[in-house]
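The structure appears right after this line, and notes come after that.
The values are calculated or read from the model by the stated rules, or taken from the named source; none is laboratory data. Everything numeric in this text was worked out from a predicted model, so none of it was measured. Counting neighbours? That spans all protein chains shown, and the Cβs are built from the backbone with ideal geometry, glycine included. Heads up: the accessible areas ignore ligands, DNA and RNA and are worked out on the full protein's heavy atoms, side chains in. Shrake-Rupley method; radii C 1.70, N 1.55, O 1.52, S 1.80 Å.
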Amino acid sequence: MLACRRKPVPHTPVWFMRQAGRSLPEYLRVREGVPMLESCTRPELIVEITMQPVRRYAVDAAIFFSDIMVPLKAIGIDLDIKPGVGPVIADPIRDAAGLDALRPLVPDDVPYVTGAVRGLVGELGATPLIGFAGAPFTLASYLIEGGPSKNHDRTKAMMYGEPELWARLMDRLADITIAFLKVQVEAGASAIQLFDSWVGAVAPEDYAASVLPHTSRIFAEIEALGVPRIHFGVGTGELLGLMGEAGADVVGVDWRVPLDVAARRVPPGRALQGNLDPAILFAPWETVERRARDVLARGRAAEGHIFNLGHGVQPSTDPDVLARLTDLVQEASTEEAGT
Ligand code: 1CP
């Protein structure tokens, strides 16, 4: 929390995107026979899965176990998360009539989120819980394409060719995202992260015209809740300045842009989060250590730094490497703070 606010910290805080999940044998055990989306609606399972990496790694934050598609499922969109594929939408939204499927989200749609956040806050004690949601562009991509997409062609076709329909879709998604984040913060989450994972597909001018107004509205509405806001996307090197203007306190950076360079791209008054390449965890430990120390050193150029990977933990990652990395970051940055 201190790092988000760009205040002095005893050590550089560290957590990992997708720290819960398939890289952990204890996750695979509790998920056995339980479909992904169902696991996101069972508070006791959400609490257990969220706690698993906290117990194993002593990370400085927990991230709520859910998925960016959960609020859409909760308002009645017919979708599934297919193993090895990702989210799949039965009736993709491609015209004005399709927008009717997107009604506003109310807290009663997601009682399991409220229940699980409350349970977690009790169990976590001093460790902060990060709530999260998908940002409108990334959600729109799944809804329009009907599933995971490499180039987001139909999504961009609507953005370029039907700007009014696009704006109405983005508006509705922003409302749902705001409501979903509020539920988590009001139940006790101490920070939020807005994932715009696929927005790196958009050029800066289009981002400014067709995406930024909607993400800015989300951050503005969450501001009143008083919790730090983190904003992350993949392949967003050219967008970091604009993403920094959207209103988040922390800008997440993928592994493609060194943090000292990223620090010059975001406006003043922002902390950075990132950005070790998740694939480095497959290299020998000496390489992991050298690259992690480099991330820490470059992170000192930022006004605040939260250590993370540049994207989510890969399922085949060895949990012992993440444990060692957590210790390294906490110890190495303690030494630095003392010098
Ligand atoms: O059965 C399984 O275990 C399915 C794998 C899985 C998991 C563990 C999916 C399907 N979602 C999740 C959980 C999840 N999703 C978390 C958990 C908390 C943690 O970080 O520990 C989070 C934060 C998400 C968010 C999410 N879902 C994002 C944004 C983050 C990112 O990685 O960029 C996105 C894009 C999704 C969609 C999604 N859900 C699942 C998959 C495999 C995908 C990506 C599919 C694609 O490539 O488009």
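So the values come out like this:
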read-out	value
Estimated [θ] at 222 nm from DSSP helical runs (n ≥ 4, -39500 (n - 2.57)) normalised by residues in the chain, nearest 500	-14000 deg cm²/dmol
Label-point separation, ASP327 to THR287 (7 Å along Cα→Cβ), nm	2.2
For q = 0.15 Å⁻¹, Debye-computed log10 I/I(0) when each Cα of region 1-123 counts as one equal scatterer	-0.81
Given charges at Cβ of Lys, Arg, Asp, Glu: region 215-339 dipole, positive-most of ASN308, ILE230, ALA332	ILE230
Chain lengthening between TYR160 and LEU28 when straightened (0.36 nm per residue, less Cα-Cα)	43.4 nm
Lysine-lysine proximity count for the chain, Cα under 28 Å, sequence distance 8 or more or distinct chains	8
For ASN275, distant residues with modelled amide H under 5 Å away	ASN308
Protein accessible area in region 25-338, 1.4 Å probe - carbon and sulfur %	50
Gaussian network model of the chain, Cα within-10 Å springs - most flexible of PRO111, PRO83, PRO228	PRO83
Sequence of THR41, THR138 from largest to smallest accessible area, 1.4 Å probe	THR41, THR138
DSSP beta bridge pairing in the chain, given as percent antiparallel to the nearest 5	15
Chain lengthening between GLU335 and ASP171 when straightened (0.36 nm per residue, less Cα-Cα)	54.4 nm
Cα-based helix-to-principal-axis angle, 285-299 vs the chain, degrees rounded to 10	80
Per-residue SASA entry for LYS156, accessible area with 1.4 Å probe, Å² rounded to 10	40
Per-residue SASA entry for TRP198, accessible area with 1.4 Å probe, Å² rounded to 10	80
Debye intensity ratio in log₁₀ form over the Cα atoms of region 95-162, taken at each q of 0.12, 0.14, 0.17 Å⁻¹	-0.52, -0.65, -0.80
Region 9-59 versus region 161-238: alpha-carbon centroid distance in Å	24
Two-site FRET efficiency, VAL106 against GLU44, from Cβ-Cβ distance with R₀ of 30 Å, rounded to 0.05	0.80
Rounded to 10°, Cα long-axis angle of helix 111-124 versus longest principal axis of the chain	10
Accessible area (Å², per residue) of region 25-338, counting only protein heavy atoms and a probe of 1.4 Å	39
Candidates ARG94, ARG229, ARG168, ranked by Gaussian network fluctuation over the chain, Cα under 10 Å, top entry	ARG168
Among PRO136, PRO92, PRO13, residue whose mean-square fluctuation peaks in a GNM of the chain (springs only between Cα atoms under 10 Å)	PRO92
Over region 25-338, equivalent-ellipsoid semi-axes from the Cα gyration tensor in Å	30, 24, 19
Area accessible to solvent at GLU26, 1.4 Å probe radius, in Å²	40
Rounded tilt (10° steps) of 43-57 against the dominant C-alpha axis of the chain	30
